[in-house]
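See structure below.
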Amino acid sequence: MTASPQEAEPLIAIRNLSVSFATGAGPANVLRNVSLDLGRGRVVGLVGESGSGKSTLASAIPRLLPRNLSRLEGSIRYGGRDLLALPDRELAALRGTRFAMIFQDPMAALNPVFRVGTQLVDLQRAKRPKDRRRALLARAVAMLARVGIPDAERRLSDYPHQFSGGMRQRIMIAAALLAEPDLLIADEPTTALDPTIEGQIVALIEELRQEYRGTILLIAHSLGLVSQLCDDVVVLYAGTLVESGPAAAVLGDPRHPYTRALLACEIGAGVIRRATLASIPGEVPDATRLPQGCVFAPRCPQAAEPCRAAVPPLRALGGGRSVACALV
Ligand SMILES: Nc1ncnc2c1ncn2[C@@H]1O[C@H](COP(=O)(O)OP(=O)(O)OP(=O)(O)O)[C@@H](O)[C@H]1O
Ligand SMILES: [Mg+2]
């Protein structure tokens, strides 16, 4: 078994991260006091219902936050520095070189007006400034072939819109890997794809995992995907980290009632369904009107008096696991 991220110095250490956005209804407190480590070489799954703050957490690392950001507190340590305190220019230099992102919509990452080959060459420049264009093109062709683009060499001169959605997703994965980032952030990369293509992309990510040595933060819709692909799992609920730890341990023996509810939603009829988390009664609270105490208490079947009195702190359980529940 690999060492848990707590044992070695993590690639990224997030401490007490709080993020709020200004809205017409007052500040939306989208992340509150989130602390977690992304271990080196680990694949970390980030799960939680829609609106839990998953994309916000992922975007806070390269500091790609919306303009109505009104509060950004805590720290995100990477390579001995706090990314939240880094000047814009230094951070911009890390994006696309040390951090790469793949999204649900590949057109968000690919530039529609440049040929795919040009884009795949340009993003390698930062790490390989002395290499000739021809060598970088050859690496691009090899990577495209690797992610399953037929006739890769000829297709270098095509534009992104000339590829199907599934193929664009593969190109985006190739682009992210060609940059050789320390951290690859994948925000629900398969959700927009039909089930067959989704299966192929998941299989591809699983295969590439063996070769890519960096850390992956994978925002996933389903716990099935997390159990298949991830070493660690982080469960977010209404901007609060409720449980985290090695995926096998957390999913095999979830401690937080929210994690249990998520699992119960997916394990229907004895199989892990592809369907998402629609069936926990109640809904994620509005980030401008969070309840007192534990954020999950209003929906929690076990909620008791202490749950409504104070926000339960995240406590270490041993074995790299943590949980924030007054009843555990
Ligand atoms: N710029 C913004 N201004 C105000 N509220 C925002 C802004 N961006 C996000 N939010 C709110 O923050 C919360 C978290 O959003 P986020 O997109 O991070 O959730 P998510 O977990 O990624 O959800 P999904 O699974 O739907 O992608 C939501 O309630 C969302 O409405
Ligand atoms: Mg999201």
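The values are calculated or read from the model by the stated rules, or taken from the named source; none is laboratory data. The shown structure was predicted, so the numbers you read here are calculated from the model rather than taken from an experiment. Quick reminder, even Gly has a Cβ in these numbers, built from the backbone with ideal geometry, and neighbours come from all protein chains shown. Only protein heavy atoms, including side chains, enter the accessible area calculation; ligands, DNA and RNA are left aside. Shrake-Rupley method; radii C 1.70, N 1.55, O 1.52, S 1.80 Å.
Taking a ≥ b ≥ c as the square roots of the eigenvalues of the Cα gyration tensor, an a/c ratio below 1.5 marks segment 1-115 as rounded. Length gained on full extension, residue 59 to residue 309, computed as 0.36 nm times the residue gap minus the Cα-Cα distance: 86.8 nm. Here the chain has 52 percent of its accessible surface on carbon and sulfur atoms, given a 1.4 Å probe and all protein chains in place. Taking a virtual spin label 7 Å from the Cα of residue 145 along the C-beta vector, which residues in segment 169-203 bring their backbone nitrogen under 17 Å of it? Taking a point 7 Å out along Cα→Cβ of residue 145, the residues of segment 169-203 whose backbone N falls under 17 Å are 171, 174-175, 178. Here the sum of -39500 (n - 2.57) over DSSP H runs of 4 or more residues, divided by the residues of the chain, equals -8000 deg cm²/dmol at 222 nm, to the nearest 500. Each Lys and Arg adds +1 at its Cβ and each Asp and Glu adds -1 at its Cβ; summed about the Cα centre, the chain shows a dipole of about 900 debye. In the full protein context, the chain carries 46 Å² of accessible surface per residue, based on a 1.4 Å probe and ignoring ligands, DNA and RNA. Simple rule: put +1 on each Lys or Arg Cβ and -1 on each Asp or Glu Cβ in the chain, find the dipole, and look at 136, 167, 41; the Cα lying farthest toward the positive end is 136.
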